[in-house]
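Below: the structure, in structure tokens.
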Amino acid sequence: MSKIFGKNIERYLNSFGKYVVKQARTNLTKGKKNVSKSLYNSIKYDFVIEKNGNFSLQFKMDNYGSFIDKGVSGNKKKQSYTDWKGKKQSSPGTGYTTKGPPIDILSKWIKKRGIKPKGIKRGRSKDTGQFISGLAFLISRKIKRDGIKGISFFQRPLGLALRNFPKEFGAELKQDIINSLTIVK
């Protein structure tokens, strides 16, 4: 804890971070973007107090989380997302000039989703490798062309938490000031 602020502010900022992480994880699951749980488990925050007394909350997640959150514009179709301020923003471009997303990664995603060709039931041992590669190629081509729609799973809870931040933070600051007052006789 810093000398500049007290336990109330520290407790508030930690609860702020926990709220944003919890809501982002919930939104990810509700948006059906939690196939491997890798992104879900990577969403975290750090409360950092520096030597000079400054403090910050740092939110972290796997790199591809921003693609799910903000979406990706394709070469032919522009996508958008809602930022933490509640404003519609254009999704970043893909950077895919000749190829779409890697087929091997999409193949793993198809397997985890349990997508099978029509007529093959789950659990059957019939080889579907050619089907998966072909489907992964088609999905890659579609993403390159149309992009991926963002679901704002992180932006939304951050915006909600920030709307109440000035009022709640001010109350905690007031309490820390009151707690630090000393009576001089």
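Kindly put Ile132, Ile105 in sequence by how many other C-beta atoms sit within 10 Å of each C-beta, fewest to most. Don't skip to the answer; put the middle values down first.
Working: Ile132 20, Ile105 12.
The fewest-first ordering by Cβ neighbours comes to Ile105, Ile132.
Which of Ser140, Ser42, Ser66 comes first, and how do the rest follow, when ranked by fewest Cβ neighbours within 10 Å?
Working: Ser140 19, Ser42 13, Ser66 16.
Ordered from fewest to most neighbouring Cβ atoms within 10 Å, Ser140, Ser42, Ser66 come out as Ser42, Ser66, Ser140.
Near Lys116, which aspartates and glutamates are there with a Cα under 19 Å away, not counting those fewer than 8 places off in the same chain?
In chain and number order, the partners are Asp104, Asp127.
Dividing the convex hull volume of the alpha carbon atoms of region 1-59 by its residue count, what do you get in Å³ per residue? Please report the intermediate quantities before stating the final value.
On the way: hull volume 3.7 nm³, N = 59.
Normalising the Cα hull of region 1-59 by residue number yields 63 Å³.
Taking amide H positions as placed 1.01 Å from N in the peptide plane, with prolines and chain starts having none, which residues 5 or more places from Gln79, or on another chain, fall under 5 Å of its amide H?
Those qualifying (amide H under 5 Å, at least 5 residues apart or on another chain) are Ser73, Gly74, Ser91.
When a footprinting reagent is the concern and you count Cβ atoms within 10 Å, what order do Glu168, Glu10, Glu50 take, fewest first?
Values: Glu168 13, Glu10 17, Glu50 9.
In order of increasing Cβ crowding within 10 Å: Glu50, Glu168, Glu10.
Modelled label-to-label distance, Thr26 and Leu57, 7 Å Cα→beta-carbon offset: nm?
So the label points at Thr26 and Leu57 sit 1.5 nm apart.
Only the coordinates and a few stated rules stand behind these numbers; no lab work does. Everything quoted here is computed from the prediction, not taken from an experiment. So basically every Cβ, Gly included, is an ideal-geometry build from the backbone, and we count neighbours across all protein chains shown.
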